[in-house]
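Engineer: Pasting a structure below so you can have a look.
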Amino acid sequence: MESSLPSTQNLDFGESAERKDEAKSYKEMISTFPRVQWWSYYEGFWYHSMLLEGIMSAQDHFIPQSTDIFITSSPKTGTTWLKALTFAICTRSRLSGSSASALLTKMPHECVPLLEYHRAQNPMKRDCAVPLVSTHVPYSSLPKSVVSSCCKMIYICRDAKDAFVSLWHFIAELQRSRNVEPLSLEEAFELFCSGISGYGPYWDHVLGYWRASLEFPEKVLFLTYEEMKKDTAAHVKKLAEFMGCSFTLEEEEEGEVQKIVSMCSFDKLSNLEVNKNGTHSLDTLIDVKNSAFFRKGEIGDWKNNLTPEMGARLDDIMEQKLKGSGLKLPR
Ligand code: PAP
């Protein structure tokens, strides 16, 4: 079966001849890595090779700004929402009262670039006044320049069953739009349970950031989608405090926190014209409908897709893998 993403053959990750040579050498290295379907295995995790070039390039070249804050996550765990919230929080004073108005016309992924795409690695192409960069790269494979910096990181994770179902729908949609037959849910589930999914194993991704949050609590904030849903306003305040831009009493009295909660809610964002009908270019490599990032936004949708046996199996795997870590993910 073909991949839903383009092959790395014709990708141009850089402008100069030097960068082109480098891209070629990444491709050569990647071609030697273990491979299952379109996933290549690198430093303990599975990646689409297209993204792997961007990751290796980031590892070699990316230099963060000292004020950067990294929005980190495994795919489909709440990244779009967290990007919207953090963007709204840290741009609120720039927007003279019209909190997060950029989100009305720009998809959250356009507001906060992804590290493994070339745009984020090139300061010329970033809005450096917004100190946010996102990444799905596991903690252990982050560029050394990021880990050794004083930059803060915010990690969001989610019940594995919902993350898997969300991922499967997203990839199936991508594949259909490229006239590629989607992987069956059962096939994708088997792969996911054996650790093979984009940036998987899922549990190792979660554990990497969980342990970092225990070791460096002032630097790594660990959140869950489910807790954030339960009390979004408290999370908005917590995020602002962690990001070093707490709400003033006056802002709180003026309802700024609630404005941000409402602006970034699933209902609000998913009904905006830009997110209903726009497309989002994954670093000019592939166009994806923005609506694909806003499916249901619910907790527990796995029940409509997986059998109770499949759910119990993934719960068991997660329990086994997280055992002894002190982390219990919501189910
Ligand atoms: P990404 O990794 O491709 O960026 P990500 O945003 O992490 O995706 O996850 C998408 C999920 O977040 C979708 O979940 P679902 O498939 O179970 O519905 C999407 O609906 C959900 N989502 C997007 N925006 C919001 C939001 N504002 N509030 C709550 N959930 C949201």
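The values are calculated or read from the model by the stated rules, or taken from the named source; none is laboratory data. Only a predicted model underlies this, so the values are computations on that prediction, with no experimental measurement involved. Ideal geometry is used to build each Cβ from the backbone, glycine not excepted, and the neighbour counts take in all protein chains shown.
Engineer: Only one residue in LYS259, LYS289, LYS229, LYS237 is modelled with pLDDT under 95, over 28 Å from GLU186 (Cα atoms) and crowded, with 16+ Cβ neighbours inside 10 Å, so which one is that?
Structural biologist: Details: LYS289 fails: over 28 Å from GLU186 (Cα atoms); LYS229 fails: modelled with pLDDT under 95; LYS237 fails: modelled with pLDDT under 95.
Being modelled with pLDDT under 95, over 28 Å from GLU186 (Cα atoms) and crowded, with 16+ Cβ neighbours inside 10 Å holds for just one of LYS259, LYS289, LYS229, LYS237, which is LYS259.
Engineer: I'm checking my understanding of the structure. Among residues of the stretch 54-94 that are in contact with a Lys or Arg (Cβ under 6 Å, 6 or more places away or on another chain) and under 12 Å from LEU115 (Cα atoms), which one is farthest from the ligand (Cβ to nearest atom)?
Structural biologist: ILE69
Engineer: Also: Within the stretch 48-81, which residues are at pLDDT below 95 and aromatic (Phe, Trp, Tyr)?
Structural biologist: Within the stretch 48-81, PHE62 is the sole residue that qualifies.
Engineer: What are the pairs with Cβ atoms under 8 angstrom where one residue, in the stretch 65-80, is part of a strand (DSSP E or B) and the other, located anywhere, is near the ligand (Cβ under 6 Å from one of its atoms) and modelled with pLDDT of 95 or more? Sequence gap at least six, or different chains.
Structural biologist: Pairs that qualify, where the first residue is part of a strand (DSSP E or B) and the partner is near the ligand (Cβ under 6 Å from one of its atoms) and modelled with pLDDT of 95 or more, are ILE71/THR79; SER73/THR79.
Engineer: Being within 15 Å of the ligand (Cβ to nearest atom), surrounded by fewer than 20 Cβ atoms within 10 Å (Cβ to Cβ) and polar (S, T, N, Q): is that true of SER194 here?
Structural biologist: On the way: within 15 Å of the ligand (Cβ to nearest atom): no; surrounded by fewer than 20 Cβ atoms within 10 Å (Cβ to Cβ): yes; polar (S, T, N, Q): yes.
Considered against the rule, which asks whether it is within 15 Å of the ligand (Cβ to nearest atom), surrounded by fewer than 20 Cβ atoms within 10 Å (Cβ to Cβ) and polar (S, T, N, Q), SER194 comes out as no.
Engineer: Could you tell me which residue of the stretch 282-301 is farthest from TYR225 (Cα to Cα), considering only residues that are more than 8 Å from the ligand (Cβ to nearest atom) and of a type outside the set (A, V, I, L, M, F, W, C)?
Structural biologist: Among those that are more than 8 Å from the ligand (Cβ to nearest atom) and of a type outside the set (A, V, I, L, M, F, W, C), it is THR284.
Per-residue answers, yes or no, for (1) under 21 Å from ILE317 (Cα atoms); (2) out of contact with any His (no Cβ under 6 Å at 6 or more places or on another chain); (3) modelled with pLDDT under 95:
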site	(1), (2), (3)
GLU173	no, yes, yes
VAL180	no, yes, yes
PRO201	yes, yes, no
SER213	no, yes, no
PHE216	no, yes, no
LEU221	no, yes, no
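Engineer: If we only count helices (runs of 4 or more DSSP H) wholly inside the stretch 231-277, which ones have 2 or more residues that are within 16 Å of the ligand (Cβ to nearest atom) and among the small types (Gly, Ala, Ser)?
Structural biologist: Helices (runs of 4 or more DSSP H) meeting the threshold: 232-243.
Engineer: What pairs come up if the first residue lies in the stretch 139-161 and is surrounded by fewer than 19 Cβ atoms within 10 Å (Cβ to Cβ), the second is among the β-branched types (Val, Ile, Thr) and not in a strand (DSSP E or B), and their beta carbons are under 7 Å apart, counting only those six or more places apart or on different chains?
Structural biologist: Between residues of the stretch 139-161 that are surrounded by fewer than 19 Cβ atoms within 10 Å (Cβ to Cβ) and residues that are among the β-branched types (Val, Ile, Thr) and not in a strand (DSSP E or B), the close pairs are SER145/ILE63.
Engineer: For the stretch 293-319, name all the residues that are surrounded by 15 or more Cβ atoms within 10 Å (Cβ to Cβ) and among the aliphatic types (A, V, I, L, M).
Structural biologist: Those that are surrounded by 15 or more Cβ atoms within 10 Å (Cβ to Cβ) and among the aliphatic types (A, V, I, L, M): ILE299, LEU306, MET310, LEU314, ILE317, MET318.
Engineer: Using the structure shown, decide if ILE154 is in a strand (DSSP E or B) and either modelled with pLDDT under 95 or β-branched (Val, Ile, Thr) (or both). Steps first, please.
Structural biologist: Values: in a strand (DSSP E or B): yes; either modelled with pLDDT under 95 or β-branched (Val, Ile, Thr) (or both): yes.
Yes.
Per-residue answers, yes or no, for (1) away from the ligand (no atom under 15 Å from the Cβ); (2) part of a loop (DSSP other than H, G, I, E, B); (3) within 16 Å of the chain's Cα centre (by Cα):
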{"residue": "HIS280", "(1), (2), (3)": "no, no, yes"}
{"residue": "LYS303", "(1), (2), (3)": "no, no, no"}
{"residue": "LEU306", "(1), (2), (3)": "no, yes, no"}
{"residue": "GLU309", "(1), (2), (3)": "yes, no, no"}
{"residue": "ALA312", "(1), (2), (3)": "yes, no, no"}
{"residue": "ASP315", "(1), (2), (3)": "yes, no, no"}
{"residue": "MET318", "(1), (2), (3)": "yes, no, no"}
